[in-house]
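Before anything else, here's the structure in question.
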Amino acid sequence: MIKMSEYLIPVSIEPLKEGGYLATSSLLQGLIAQGRTVAETLEIAEDVARKIIESRIEHNEPIPKELLLGQTSATKFDTKIPVPLEV
């Protein structure tokens, strides 16, 4: 039987001078992702976060308990979503 856990990773996204976006996380060390759009950057960041967490579990390394959904007192978080329009 496989036990599923869900993690809520805080991510900061910033535009790059040369174009595209960079995502990092203050709580999940090593999470760095770059993409052409915010959506692509978030998708890549999710994959990177999954690999980091899987690696930590495999090597019996700690995962910040603040990341485990349901283990945190935070019930709300703020984010921004891009909505491109052609006008």
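Quick one: 3J(HN,Hα) in Hz for region 37-52, Karplus 6.51/-1.76/1.60 with θ = phi - 60°, rounded, Gly and Pro as x.
These are the phi-based 3J(HN,Hα) values: 10, 4, 4, 5, 4, 5, 5, 5, 4, 4, 5, 5, 4, 4, 5, 5 Hz.
Per residue, how much space in cubic angstrom lies within the convex hull of the C-alpha atoms of region 9-49?
55
Values in this text are rule-based calculations from the coordinates and carry no lab data. This one's a predicted model, so the numbers in the text were calculated from it and none came from an experiment.
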